[in-house]
1. Give me the one-decimal nm value for the distance between modelled label points at Glu129 and Ser189, 7 Å along each residue's Cα-to-Cβ direction.
2. Ranked from highest to lowest mean number of other Cβ atoms within 10 Å per residue, what is the order of the peptides 43-52, 159-168?
3. Take peptides 127-133, 90-96, 150-156 and line them up by average Cβ neighbours within 10 Å, highest first, as a rough protection proxy.
4. So how do Asp180, Asp41, Asp26, Asp140 line up by other beta-carbon neighbours within 10 Å, fewest first?
5. Using a ≥ b ≥ c from the Cα gyration tensor of the range 25-143 (square roots of the eigenvalues), is it rounded, prolate or oblate, where a/c under 1.5 gives rounded and otherwise the larger of a/b and b/c decides, a/b for prolate?
6. Taking a cut-off of 15 Å, what percent of all Cα-Cα pairs in the range 74-123 are separated by more than that?
7. Grab the beta carbon distance between Gln173 and Asp92, set R0 = 30 Å, and tell me the FRET efficiency rounded to 0.05.
8. Expressed in nm², what is the orientationally averaged projection area of the convex hull enclosing the Cα positions of the range 127-187?
Amino acid sequence: MKRWTMMLLAGVVAACASGPEVNVEDNIPSLRKGELGRLFDQTGSFDEATAQQATDSVLTLPAEEQDYIDLLWGGRTGEGLHAHRLGLAYMDAAQSARANSLTDAANLERAVRWFRRAILAVDVLASEENRLFAARIRFDLARAYICEGKLNLAVELLANRTDTTPLPPDVQQSYDGLLDEIALIGAESGVRNPGSED
């Protein structure tokens with residue numbers, strides 16, 4: 001059963017990592033496309049200040065240009081870093097936009113999409129650094145799922161990793177803490193055993 005659960009979860013991640021289906025390219029001038037492409041490249045910069053400035057700039061773009069940034073996914077190297085940073089930026093924006101539920105929901109949807117993409121982009125077998133990076137992404141995606149009220153998906157991400165190598169104690173402690181938080185939320189909302197197969 002666990003195998004089928006993981007296959008289903010992988011399918012959900014892959015299916016939902018795709019960007020908007022609408023065609024926005026025709027509405028954006030070629031010169032602007034180039035500028036947006038460079039901005040997306042900067043979100044993956046090894047210089048933290050440059051990357052932070054770029055991700056902040058992406059969030060201030062009109063929705064159509066943010067959709068175009070979505071379409072750039074899949075053509076760069078090291079896109080796990082791009083995607084994780086954008087996911088974090090949208091997550092922060094969602095959590096700080098409580099006065100506007102529509103903006104909050106839109107940012108959260110984008111955060112989830114970018115985190116899912118980051119998971120798909122990171123080869124956990126390539127290095128120990130990649131394995132720990134993937135663990136961090138799973139943690140952040142689980143937080144986003146919690147905000148969406150999808151407690152079962154959050155539990156699956158945290159409890160049923162395909163990588164069976166034990167996590168470092170501090171990382172495992174973070175996972176366990178978030179699982180405890182999910183259990184508390186489930187108890188308070190009347191959801192019995194979030195993440196169970198019942």
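Laboratory data are not the source of any read-out in this text; all were calculated from the coordinates shown. The shown structure was predicted, so the numbers you read here are calculated from the model rather than taken from an experiment. Cβ coordinates were reconstructed from backbone atoms using ideal geometry, including for glycine residues, and neighbour counts include every protein chain displayed.
1. 3.7 nm
2. Packing proxy ranking, top to bottom: 43-52, 159-168.
3. Result, highest mean Cβ count within 10 Å first: 150-156, 90-96, 127-133.
4. Asp26, Asp180, Asp41, Asp140
5. oblate
6. 42 percent
7. Efficiency computed from Cβ-Cβ geometry: 0.85.
8. Averaged projected area of the range 127-187's Cα convex hull equals 3.8 nm².
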